[in-house]
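*Asks:* A single structure is presented below for examination.
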Amino acid sequence: MSTRTASEERAVVIGLEVHVQLETDTKVFCGCSTEPADDEEPNTRTCPTCLGLPGALPVLNEAAVEAAVKIGKALDADIPETTTFHRKNYYYPDLPKNFQLTQYDAPICADGELEVSVDGERRTIGITRAHLEEDPGSIQHAGGSIESATHTLVNYNRAGTPLMEVVTEPDFRSPAETRAFLAKLEEVLEYLGVFDATRDGSLRVDANVSLVDADEVTEDGSVPEAVLADANRAEVKNISSHKGAEKALAYEITRQRNVLRRGREIEQETRHWDEGRGVTVSMRSKEAEKDYRYFREADLPALEVSDWKDRIPIPELPDARRERFRTEYGLDDEAASKLTSTKEVADFFEDVAGEYDPELAATWVADNLLGELNYREMEITDVTDRLDEFTRLVELVDAGELTVKNAEEVVLREMLDEGEDPESVIEREGLGKAESDEVETAVEAAIEENPDAVADYHDGDEGAINFLVGQVMQATGGSADPGQVNGLLRERLDG
Amino acid sequence: MTDTSDPDGESAGPDAGDADGDTKAGSGEPVVDAAEVEHVAELARVRLAEEETETFADQFAEILEYFEALDEVPDLDREEELVNVMRADEVEAGLAQEEALANAAETEDGFFKGPKVS
Ligand SMILES: [Zn+2]
């Protein structure tokens with residue numbers, strides 16, 4: 001029994017179980033497609049295996065195993081000699097077989113870590129294990145809420161979709177750390193090409209949260225196991241994004257602090273994050289009673305894939321790439337971070353930097369393109385098939401055929417807003433750089449029409465030249481290159 | 001609903017290949033009491049009357065006794081276990097919706113329809 005008083009300071013302890021959907025073409029134990037069904041038509045992505053029909057046998061998808069090995073490598077985890085599958089028995093209609101095929105005592109990845117940066121501080125989060133399993137189907141509580149429903153509708157299209165469950169050590173000390181970790185994990189998985197964050201339901205998180213005496217936290221930030229075992233914890237389910245994790249956990253921690261403040265005990269229970277209402281709700285304790293009677297799945301032979309670690313390459317990961325961008329292209333921290341935020345951005349930047357000046361490429365990709373996309377709440381993935389248009393825009397600027405100002409403020413914006421290619425925006429807006437004789441005429445005219453400014457220039461007033469440049473720019477509708485105009489004016493005036 | 005395993009309980013899991021350890025294989029006297037029957041019935045969503053609980057406890061004990069015959073099986077040479085049986089990630093034709101639902105007692109708009117659950 002606890003004798004703690006409400007005034008004692010408490011430290012937050014959080015561990016995560018993260019389910020990520022692996023990007024394969026087919027399900028993990030059968031050849032059914034993982035593509036969303038046409039018109040979301042239910043039960044059109046099934047076969048005897050994922051419907052659990054008698055006699056059907058599971059056969060493991062090699063691509064899911066490869067993805068798991070890649071994840072293991074990226075998390076610096078061990079891939080054990082032998083890894084096996086188990087049946088996790090529970091009785092619920094989202095599982096047609098009444099058990100879920102998963103891994104138990106011999107997961108495919110064990111003992112890894114992931115480094116994250118929170119408010120400039122580096123933290124290493126331990127990964128206890130990561131294992132392969134099948135996703136259940138989807139159920140709808142029809143005719144009312146979960147409590148007042150009259151019946152259940154079941155769709156097994158999702159059933160059998162490959163998932164990786166990543167289980168962390170209880171290493172998080174704040175909701176902000178969990179958010180940073182999840183963002184980093186998504187980033188790494190996307191780099192590996194095994195995960196698509198834009199897919200509905202591709203990330204699902206359960207979090208174990210408890211409060212312990214702050215005095216029990218050791219110097220290195222860890223909490224002794226005995227203390228953790230002693231603390232009642234709540235398992236918060238139904239979190240589906242890194243932002244959601246931060247909100248759900250902040251709520252849950254406040255709730256637990258309030259319970260303790262009122263002199264009560266934290267109940268060991270499962271709670272459901274209600275995103276809409278922004279609260280965690282207790283699920284009836286009966287549900288939390290766990291007895292899954294795991295046993296070995298005899299229909300799935302063991303895996304011996306530890307040597308795949310050497311066979312399967314993984315791409316350069318974000319941290320390493322960021323560092324290389326700093327040294328190879330001379331980028332500052334901010335630009336290097338922006339340009340490695342996703343693999344697509346980084347690949348695109350390297351394409352452009354390979355052809356044009358890296359500094360120009362960095363400005364165009366990091367500031368202009370990402371900035372304008374961000375302003376429109378778009379991602380680079382929304383314009384993947386138009387990246388060559390942006391390259392052409394950079395080329396036009398690089399060749400001096402378009403002013404930087406027009407390229408940024410008119411062409412790029414119109415391209416994003418109207419979906420036009422750069423050439424048609426330039427033609428429609430008449431932004432092609434002024435013909436040189438037009439510029440020369442305007443320069444002559446500016447000198448002739450502004451004798452006072454010319455006199456000031458000859459008297460050593462440098463500001464006068466800017467005035468004259470402005471006159472020329474006005475006369476050419478902004479299409480002249482200010483640097484070139486400046487040069488032409490000086491030529492005439494000094495000559 | 002995605003239920004998750006409890007990582008705490010897993011480090012001390014059974015040896016790979018060992019079946020469910022509850023029957024105390026080899027002890028000769030598998031004990032099944034009323035409480036265990038009730039627990040299993042609960043997990044399987046089966047409602048038992050009190051006298052049924054007693055009947056099942058006796059019957060479970062009897063059934064488990066049959067398995068003791070396996071203790072008498074001598075060690076035999078056997079084929080080596082298969083490993084690394086996998087398939088390529090290629091889409092195969094599955095069932096049409098009508099086929100998938102053909103055995104269902106009740107359906108609605110392409111869904112399997114069942115009683116309410118919570
Ligand atoms: Zn299937």
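The values are calculated or read from the model by the stated rules, or taken from the named source; none is laboratory data. What you see is a predicted model, and the numbers here were worked out from it, not measured in a lab. Every residue, glycine among them, receives a Cβ derived from its backbone with ideal geometry; neighbour counts consider all protein chains shown. Side chains included, ligands, DNA and RNA excluded: accessible areas come from the protein's heavy atoms. Shrake-Rupley method; radii C 1.70, N 1.55, O 1.52, S 1.80 Å.
*Asks:* Based on what the data block shows, is B:PRO30 in a loop (DSSP other than H, G, I, E, B), open to solvent by less than 80 Å² (accessible area, probe 1.4 Å), at pLDDT below 90 and more than 7 Å from chain A (Cβ to nearest Cβ)?
*Replies:* Considered against the rule, which asks whether it is in a loop (DSSP other than H, G, I, E, B), open to solvent by less than 80 Å² (accessible area, probe 1.4 Å), at pLDDT below 90 and more than 7 Å from chain A (Cβ to nearest Cβ), B:PRO30 comes out as yes.
*Asks:* Please verify whether A:GLY72 is assigned to a helix (DSSP H, G or I) and either within 27 Å of A:GLY193 (Cβ to Cβ) or in the same structural domain as A:LEU189 (by TED's automatic domain parsing) (or both), treating the condition exactly as stated.
*Replies:* For A:GLY72, the condition - assigned to a helix (DSSP H, G or I) and either within 27 Å of A:GLY193 (Cβ to Cβ) or in the same structural domain as A:LEU189 (by TED's automatic domain parsing) (or both) - is met.
*Asks:* It is to be established whether one or more residues within region A:65-79 are under 26 Å from A:ASP200 (Cβ atoms) and within 16 Å of the ligand (Cβ to nearest atom).
*Replies:* no
*Asks:* Oh, and also: Out of the residues in region A:13-39 that are in contact (Cβ under 8 Å) with a residue 60 or more places away in the chain and of a type in the set (Asp, Glu), state the one that is most open to solvent (accessible area, probe 1.4 Å).
*Replies:* Here the residue is A:GLU23.
*Asks:* Search region A:372-390 for residues being surrounded by 13 or more Cβ atoms within 10 Å (Cβ to Cβ) and not acidic (Asp, Glu), and hand back the single one that is farthest from A:LYS338 (Cα to Cα).
*Replies:* The residue in question is A:ARG386.
*Asks:* Enumerate the helices (runs of 4 or more DSSP H) found wholly within region A:391-495, keeping only those where 2 or more residues are more than 30 Å from A:ALA361 (Cβ to Cβ) and of a type in the set (A, V, I, L, M).
*Replies:* Those helices (runs of 4 or more DSSP H) span A:436-449, A:451-458, A:463-475, A:482-494.
*Asks:* Another one. Within region A:136-158, can you find the residues that are within 16 Å of the ligand (Cβ to nearest atom) and within 7 Å of another protein chain (Cβ to nearest Cβ)?
*Replies:* A:PRO136, A:VAL154, A:ASN155
*Asks:* Follow-up question, since we're still on this one. Limited to region A:409-460, what total is found for residues that are over 50 Å from the mean Cα position of the chain (by Cα) and either on the phi > 0 side of the Ramachandran plot or not aliphatic (A, V, I, L, M) (or both)?
*Replies:* Selection size over region A:409-460: 14.
*Asks:* Identify, by number, the condition in (1) within 12 Å of chain B (Cβ to nearest Cβ); (2) of a type in the set (Ser, Thr, Tyr); (3) away from the ligand (no atom under 16 Å from the Cβ) that A:THR161 doesn't meet.
*Replies:* (3)
*Asks:* What's the total number of residues in region A:22-64 that are outside any loop (DSSP other than H, G, I, E, B), more than 13 Å from the ligand (Cβ to nearest atom) and small (Gly, Ala, Ser)?
*Replies:* Summing the residues that are outside any loop (DSSP other than H, G, I, E, B), more than 13 Å from the ligand (Cβ to nearest atom) and small (Gly, Ala, Ser) in region A:22-64 gives 2.
*Asks:* Could I ask something else about it? Only residues that are at pLDDT 95 or above and more than 14 Å from chain B (Cβ to nearest Cβ): list them for region A:193-210, please.
*Replies:* Listed by number, the residues that qualify are A:PHE195, A:VAL209.
*Asks:* Give me the strands (runs of 3 or more DSSP E) completely within region A:86-167, filtered to those with at least 2 residues that are open to solvent by less than 30 Å² (accessible area, probe 1.4 Å), in contact (Cβ under 8 Å) with a residue 24 or more places away in the chain and charged (D, E, K, R), ordered by residue number.
*Replies:* Passing ranges, in order: A:121-134.
*Asks:* More than 17 Å from A:SER117 (Cβ to Cβ) and of a type in the set (A, V, I, L, M): which single residue out of A:LEU317, A:LEU300, A:LEU339 fits that description?
*Replies:* Matching residue, one of A:LEU317, A:LEU300, A:LEU339: A:LEU300.
*Asks:* Scan region B:86-106 and give yes if some residue there is within 16 Å of the ligand (Cβ to nearest atom), of a type in the set (S, T, N, Q), open to solvent by 100 Å² or more (accessible area, probe 1.4 Å) and at pLDDT 90 or above, otherwise no.
*Replies:* Yes, region B:86-106 contains a residue that is within 16 Å of the ligand (Cβ to nearest atom), of a type in the set (S, T, N, Q), open to solvent by 100 Å² or more (accessible area, probe 1.4 Å) and at pLDDT 90 or above.
*Asks:* Here's another thing I want to ask about it. So for region A:334-348 (the condition being over 29 Å from A:ASP76 (Cβ atoms) and part of a helix (DSSP H, G or I)), does at least one residue qualify?
*Replies:* No, the conditions are met nowhere in region A:334-348.
*Asks:* Is at least one residue of region B:59-77 among the polar types (S, T, N, Q), more than 7 Å from chain A (Cβ to nearest Cβ) and within 16 Å of the ligand (Cβ to nearest atom)?
*Replies:* No: zero hits.
*Asks:* For region A:392-403, name all the residues that are surrounded by fewer than 18 Cβ atoms within 10 Å (Cβ to Cβ) and under 30 Å from the mean Cα position of the chain (by Cα).
*Replies:* Across region A:392-403, the qualifying residues are A:ARG392, A:GLU395.
*Asks:* Determine whether region B:107-116 contains at least one residue that is among the charged types (D, E, K, R) and more than 9 Å from every other protein chain (Cβ to nearest Cβ).
*Replies:* no
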